[in-house]
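> Take this structure first; my questions come after.
The values are calculated or read from the model by the stated rules, or taken from the named source; none is laboratory data. Note that the structure is a prediction, hence the values are computed from the model and not measured. Counting neighbours? That spans all protein chains shown, and the Cβs are built from the backbone with ideal geometry, glycine included. The protein model used for the area step is the full one, side chains on, heavy atoms only, and it has no ligands, DNA or RNA in it. Shrake-Rupley method; radii C 1.70, N 1.55, O 1.52, S 1.80 Å.
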Amino acid sequence: MTETLWLKALTFVVGFPLITIILGELIDRLANRGYKPITKLLINIRNLVVPSVAVWLLLHQFLATERNTITIKVIETTIGIAIIIVGLSLLEVLLTSEAKRSAYSVLQVPRLFLQIARISLVLCISFYVLSTIWGVNLSNLATALGVGSLVIALALQNTLSNLVSGFLLLFDSPFKVGDWIRFGDIEGQVEDLNWRSVRLRTHERDLLVVPNSVLDQENIYNYHSGDPLHAERYIIGFSYDDPPNHVKRVLQQAAGETKHMLNDPAPDVRTLSYDDFAITYEVKYYLDDYKYVEMIHNEFSTRIFYAAKRNGLTIPFPIR
């Protein structure tokens, strides 16, 4: 018995300092390489979990302190809090949704799932600490929550509607962070998706916050989903005195010289209609990144003007 106690004491005296030293070395190496999430996780383990577990073992195993004493209960509660903090750090490492992800992250999930995982972790460990360590009867609390949930549901109908719509959007996955989408007359790039809303960055660089319940009722066009190839149409009229084949060649050349406009598939120039004061042409061109749509439109419009001047083409004024 004495030998076993001495072996435990030796393991305790040598083991915990050794674990602290090893964690310290890992933290320094990972910090130098820029792995911030995993570094934060190891710091929390070294500073929170290891000391609290060491104190618990010292009091309970070596000093024979009973578990039902206030001191042990406080230390076990401290361990529970430390596990919550470490668990949150671990979720940040494994389920990160940031643009600059850690090399150790294995999944990329929306922030809504990350928030739900955090809340679930905190609630589960908190309930365990209250019921197991402090002996709190949680049945009355569950009954109160059941009654209160009805009142909360009635008071927060819009918020719950956004929450449910957010879940549906996540499961259906019509878009992800970074996609350009359009619904109604609104276009923007998705910057974030959370439990209440979707944040879009418009072409004007304004941040637009759209409730999930609004998006759930709209037809959503995704310019990036699956195939990033996207076609745009440019309409312009030229004089009846300009031969259509000549106009088409000029438009084709201007399109081929426009930056970010794809040559494969090549732009397609068509004679669209014969109107009152001009022959109307349509240029159908392609791009593979929707963020350049306004830049392409601007440059193409400018090139058409100068190409028309150089080739003696006339862009007529409307006749009223």
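> Please enumerate the residues belonging to the range 178-194 that are surrounded by fewer than 19 Cβ atoms within 10 Å (Cβ to Cβ) and modelled with pLDDT under 85.
Of everything in the range 178-194, just one residue is surrounded by fewer than 19 Cβ atoms within 10 Å (Cβ to Cβ) and modelled with pLDDT under 85, namely Asn194.
> Looking for something aromatic (Phe, Trp, Tyr) and more than 28 Å from Leu130 (Cβ to Cβ) - is there at least one such residue anywhere in the range 27-48?
yes
> Please determine, by comparing only the residues of the range 195-204 that are of a type outside the set (A, V, I, L, M) and without any contact (Cβ under 8 Å) to a residue 60 or more places away in the chain, which one is most open to solvent (accessible area, probe 1.4 Å).
Here is the first cut: in the range 195-204, the ones of a type outside the set (A, V, I, L, M) are 195-197, 199, 201-204.
Right, trim to without any contact (Cβ under 8 Å) to a residue 60 or more places away in the chain and you get 196-197, 199, 201-202, 204.
Values: Arg196: 93, Ser197: 2, Arg199: 83, Arg201: 53, Thr202: 17, Glu204: 122 Å².
Among those that are of a type outside the set (A, V, I, L, M) and without any contact (Cβ under 8 Å) to a residue 60 or more places away in the chain, it is Glu204.
> Name the residues in the range 210-243 that are surrounded by fewer than 15 Cβ atoms within 10 Å (Cβ to Cβ), in contact (Cβ under 8 Å) with a residue 12 or more places away in the chain, of a type outside the set (S, T, N, Q) and under 30 Å from Phe317 (Cβ atoms), would you?
Ala231, Arg233, Ile235, Tyr240, Asp241
> For Glu282, state whether it is in contact with a Lys or Arg (Cβ under 7 Å, 6 or more places away or on another chain), over 21 Å from His203 (Cβ atoms) and not basic (Lys, Arg). Before you say what the answer is, go through the steps one by one.
Details: in contact with a Lys or Arg (Cβ under 7 Å, 6 or more places away or on another chain): yes; over 21 Å from His203 (Cβ atoms): yes; not basic (Lys, Arg): yes.
Spelling it out, Glu282 is indeed in contact with a Lys or Arg (Cβ under 7 Å, 6 or more places away or on another chain), over 21 Å from His203 (Cβ atoms) and not basic (Lys, Arg).
> Can you find, within the range 290-315, the residue that is nearest to Leu229 (Cα to Cα) among those that are open to solvent by less than 40 Å² (accessible area, probe 1.4 Å) and in contact with a strand residue (DSSP E or B) (Cβ under 9 Å, 6 or more places away or on another chain)?
Tyr290
> Also: Say we look at the range 244-277 and pick out the residues that are in contact (Cβ under 8 Å) with a residue 40 or more places away in the chain and farther than 22 Å from Asn298 by Cβ; which of these is most open to solvent (accessible area, probe 1.4 Å)?
Within the range 244-277, the match that is most open to solvent (accessible area, probe 1.4 Å) is Asp276.
> Ok, one more. If I ask for residues that are open to solvent by 50 Å² or more (accessible area, probe 1.4 Å) and either under 19 Å from Val13 (Cβ atoms) or over 39 Å from the mean Cα position of the chain (by Cα) (or both), which ones from the range 39-55 would you list?
Correct list: Arg46, Pro51, Val55.
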